[in-house]
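Here's the structure we're looking at; comments come further down.
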Amino acid sequence: MGLELSLDRLKSLAKFAFGMGSLQVLITGLVFVAFALPAGSSLGTRFLEMVCGAPASLVSIRSLDEAVVIAAALSMSSSAFVLQLLSERGETPTRFGSATLGILLFQDIAIVPFLVLLPLIESSGGMENATSDTLLGMLGPTAFNSAAGLAMLLFGGRIVLRKLYEGVAATLH
């Protein structure tokens, strides 16, 4: 979604993205975690069992890890769906549309740290056993590998692909 926006438009959305977007993800995530805890007998589990008729084995939250993963997933929304609604209603250029677009951009960016942290937390034995030292010790190599991969992409895109395209262009003339 952010790839089709100009740099000026992205800058104007930054206050919405980092202000309202971070607040939306944080508050929504906390509400869903609170709804899913305490593990085994939460309000959310009872609601799904009684009102929806779901079996307890399917909807029972067994740990803080499960509650956080479910909350993180539920705090995100579908950018494609929301942008289609804004477009159909003609609200994309309005202040409301800009705020919504900023929040959606933050959600799209926020999913990356969630996806990086999930395997790290799981490999350290869950959130109950994970300490900041443990996570930082595992996050260091992951961050290094990510930075190295990004550097390789930039190098490949700027130098290797440029030379390749120049060679192709030279053969066409």
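Here is the figure for segment 26-59: residues that are surrounded by fewer than 19 Cβ atoms within 10 Å (Cβ to Cβ), outside any helix (DSSP H, G or I) and at pLDDT 80 or above total 6.
Would you mind listing the helices (runs of 4 or more DSSP H) fully within segment 75-173 where at least 3 residues are touching a residue at least 40 places away in the same chain (Cβ under 8 Å) and in contact with a helix residue (DSSP H, G or I) (Cβ under 9 Å, 6 or more places away or on another chain)?
95-123
Residues in segment 60-100 that are among the basic types (Lys, Arg) and either surrounded by 12 or more Cβ atoms within 10 Å (Cβ to Cβ) or closer than 28 Å to LEU13 by Cβ (or both): ARG89, ARG95. Considering the conditions (1) more than 16 Å from the chain's Cα centre (by Cα); (2) surrounded by 13 or more Cβ atoms within 10 Å (Cβ to Cβ); (3) within 30 Å of ARG95 (Cβ to Cβ), ARG9 is excluded by exactly one of them, (2). Here MET127 fulfils each of the conditions (1) modelled with pLDDT of 85 or more; (2) closer than 30 Å to ALA39 by Cβ apart from (1).
Test SER57 against the criterion of being within 25 Å of the chain's Cα centre (by Cα) and of a type in the set (S, T, N, Q), and give yes or no.
no
Residues in segment 94-124 that are more than 18 Å from the chain's Cα centre (by Cα) and at pLDDT 85 or above: THR94, ARG95, PHE96, GLY97, SER98.
The values are calculated or read from the model by the stated rules, or taken from the named source; none is laboratory data. Predicted model only: the values in this text are computed from it and were never measured. Cβ atoms come from the backbone with ideal geometry, glycine included; neighbour counts cover every protein chain shown.
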